[in-house]
1. Scan the range 124-166 residue by residue and report those that are among the acidic types (Asp, Glu) and part of a loop (DSSP other than H, G, I, E, B).
2. Hey, can you tell me all the residues within the range 75-104 that are touching a helix residue (DSSP H, G or I) at 6+ places or on another chain (Cβ under 9 Å) and not in a loop (DSSP other than H, G, I, E, B)?
3. For the range 93-108, does any single residue satisfy the condition of being of a type in the set (D, E, K, R), crowded, with 20+ Cβ neighbours inside 10 Å and at pLDDT 95 or above?
4. For the range 123-149, name all the residues that are in contact with a helix residue (DSSP H, G or I) (Cβ under 8 Å, 6 or more places away or on another chain) and farther than 20 Å from residue 162 by Cβ.
5. If a residue must be in contact with a strand residue (DSSP E or B) (Cβ under 9 Å, 6 or more places away or on another chain), of a type in the set (A, V, I, L, M, F, W, C) and farther than 19 Å from residue 99 by Cα, how many such residues does the range 127-143 contain?
6. Can you tell me which residue in the range 38-48 is surrounded by the most Cβ atoms within 10 Å (Cβ to Cβ), limited to those that are under 11 Å from residue 143 (Cβ atoms) and without any contact (Cβ under 8 Å) to a residue 60 or more places away in the chain?
7. Scan the range 143-153 for residues that are buried (at least 24 other Cβ atoms within 10 Å of the Cβ) and touching a Phe, Trp or Tyr at 6+ places or on another chain (Cβ under 9 Å) and report the count.
8. Out of all the residues in the range 1-32, which are assigned to a loop (DSSP other than H, G, I, E, B) and either surrounded by fewer than 15 Cβ atoms within 10 Å (Cβ to Cβ) or at pLDDT below 95 (or both)?
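The values are calculated or read from the model by the stated rules, or taken from the named source; none is laboratory data. Computed from a predicted model, the values in this text were never measured in an experiment. Here Cβ is always computed from backbone atoms with ideal geometry, including for glycine, and neighbour counts include all displayed protein chains.
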Amino acid sequence: MKDVIAQVAGFMALAAMTAPKSLGQDYLTTRTVTGADILQLAEGMVHFGRETGKKDFDRDSESVRQAAAVFLLGLKDARPLGLNCGACGFARCEQAAAHDGPEFRGPQCFWRAMDMGIAIGSAVKTASLFNVDNRVMYRAGVVARKLGLIDADVALGVPLAATGKNIFFDRSPKS
């Protein structure tokens, strides 16, 4: 089953890459992790949560640990669209000075972030078409980026599994 899920992750990458993008410019990057990399990611999530005091990294790590694969999607070196719309927090695109934040590199152009949102939606829709259970996880993306599992400025993770019940929902909350 793991081979089938890895193949579906390839279709997810295809769906993300062919999703519509602002001005037709592509700043997305993808990677699928399997095997030992999944365990590294899960353990890294627990460690990051403890180190930072941020909640639910341990809870989400259990979902990652049970996954057959984790699809990663990120934005890398995304140039602003040039609309000077202010959605990123700056009045003009050229004023947005890049800096490393505690989890991601920013600021990101709102329209590039929208591109990423459309792409992740296309990817998880593709997984669903193949009946592969999935859940978009911000926390998995944070740690995957920090561990160098994906070369991106901003990232999301999507654990994938095919079991009798979706393991990524109906989780018990941890205090």
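1. 151, 153
2. The one that is touching a helix residue (DSSP H, G or I) at 6+ places or on another chain (Cβ under 9 Å) and not in a loop (DSSP other than H, G, I, E, B): 75.
3. No, because not a single residue in the range 93-108 is of a type in the set (D, E, K, R), crowded, with 20+ Cβ neighbours inside 10 Å and at pLDDT 95 or above.
4. Answer for the range 123-149, where residues must be in contact with a helix residue (DSSP H, G or I) (Cβ under 8 Å, 6 or more places away or on another chain) and farther than 20 Å from residue 162 by Cβ: 139, 142, 143, 144, 146, 147, 149.
5. Looking only at that region, the number is 5.
6. Restricting to residues being under 11 Å from residue 143 (Cβ atoms) and without any contact (Cβ under 8 Å) to a residue 60 or more places away in the chain, the top hit is 42.
7. 2
8. 1, 20, 25
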